[in-house]
Amino acid sequence: MPNGNDPRKHTIAVLVENKFGVLSRVAGLFSARGYNIESMSVGETLDPSVSRMTLVVRGDEFVIEQVTKQLHKLIDVIKVTDLTDESHVERELVLIRVNAEPSNRAEILRTADIFRARVVDVTAVSFVLEATGDEGKLEALIELLRPMGIQELVRTGKVVIARGPKTRVRRVEAPRKPRVADDPRVVGFAD
């Protein structure tokens, strides 16, 4: 078990108001303190006025504590959660353009099949593969394809969701139209 003094990757989920400039303020907070964001994924939640950022940051417990305290100080931040030691599901997406010379095509397809990667584009000289999974799985796929000649590689940041009842989110409901019968000033109105 790592102690709190060893730098390691931490996965931090941040709920923020979905407003102009919030992403810039969060990134600025990290750069101003000299911390590097290894990956960042941002997307809207069920509530369109709220976005969720998933950040991967390397640091010891002190650095991570400082980062979370600074994030809490930002006006547009709603909630900060370090999911590193929590039970969670994580995924990442990678697109890989690999040389598809006739002598390598069958091996590329077998490798893709083993990793449950899909071929999403084919040309006379290359395949584009799409794969999702945790970081270890994607690193293994990349290492097996490297000898065949990777032309280009694009990765998303990690997305993470906690397991269990902690993840329950209030359902956003459309505003209800007031009915005439709900108006206390209306007496004796029948629906």
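The values are calculated or read from the model by the stated rules, or taken from the named source; none is laboratory data. Everything quoted here is computed from the prediction, not taken from an experiment. Here Cβ is always computed from backbone atoms with ideal geometry, including for glycine, and neighbour counts include all displayed protein chains. For accessibility, only protein heavy atoms count, side chains too; no ligands or nucleic acids. Shrake-Rupley method; radii C 1.70, N 1.55, O 1.52, S 1.80 Å.
Here is how the numbers come out for the structure above:
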| quantity | calculated |
| --- | --- |
| From Leu83, Leu74, Leu55, Leu46, residue being surrounded by fewer than 12 Cβ atoms within 10 Å (Cβ to Cβ) and aliphatic (A, V, I, L, M) | Leu46 |
| Qualifying position, being open to solvent by 90 Å² or more (accessible area, probe 1.4 Å), modelled with pLDDT of 95 or more, under 30 Å from Lys9 (Cβ atoms) and not polar (S, T, N, Q), among Arg118, Arg110, Arg163 | Arg118 |
| Candidate set from region 1-31 (those that are open to solvent by 80 Å² or more (accessible area, probe 1.4 Å) and among the small types (Gly, Ala, Ser)); member that is modelled with the lowest pLDDT | Ser31 |
